[in-house]
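Before any comments, here is the structure.
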Amino acid sequence: NDNKVRIWNTDTNECRELVGHEDDVNSIAYSRDGITLVSASDDHTCRLWDVTNRAQLRIFRGATAEVGHVVFSPNDGTVFASVGFDHTIRIWHGYTGLCIREITGTSIAEGSELDCDMLAYSPDGTVLACGMSNSNNELWRIGLLDVNTAECVRTIDTAPDA
């Protein structure tokens, strides 16, 4: 990994590179408009990009460890969520750069050894699902979080052999 985001045009096979991260890139997500992209990296940052101009618009700092996953809200192409190895979900406003909300992993995992690996918004953008597993992938949990209150409204547990 050379710390770049690469975007291929499937019609022309043209490759565009977005350069700025200082460590591996782990996840990317497009906003609704298809022009803005957010990336998450081992350099502890998320970065917002204008894909058309290959311009880095903003750097989001606040994570104390690698950022593993990002996802845009379906309601607003300017709001996205990130999660990383610091066990914290952050909801960001893309254009102001402000962290709107922080949700710690313990509020979802109830003190267990679960790490949030993936995020997904509900279609209406009011619930954020967090996929979790322990270090041995022995237990998986999905936590459903109310975006406005940051409260865990439901958890679903399963085992690998289920």
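The values are calculated or read from the model by the stated rules, or taken from the named source; none is laboratory data. Given the structure is predicted, the values throughout are model-derived calculations rather than measurements. We place every Cβ from the backbone using ideal geometry, glycine too, and count neighbours over all the protein chains shown.
Residue by residue, here is whether (1) under 27 Å from Arg154 (Cα atoms); (2) more than 17 Å from the chain's Cα centre (by Cα); (3) at pLDDT below 95 holds:
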| residue | (1), (2), (3) |
| --- | --- |
| Asn1 | no, yes, yes |
| Gly20 | no, yes, no |
| Asp23 | no, no, no |
| Ser39 | no, no, no |
| Arg61 | no, no, no |
| Ser73 | yes, no, yes |
| Thr88 | yes, no, yes |
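Across the range 40-57, which residue is farthest from Leu98 (Cα to Cα) among those that are surrounded by fewer than 16 Cβ atoms within 10 Å (Cβ to Cβ) and charged (D, E, K, R)? The selected residue is Arg54.
Of everything in the range 116-145 that is at pLDDT 75 or above and acidic (Asp, Glu), the residue that is farthest from the chain's Cα centre (by Cα) is Asp124. Entry remark, the range 4-39: residues being loosely packed, with under 15 Cβ neighbours inside 10 Å and either in a loop (DSSP other than H, G, I, E, B) or hydrophobic (A, V, I, L, M, F, W, C) (or both) number 16 in total.
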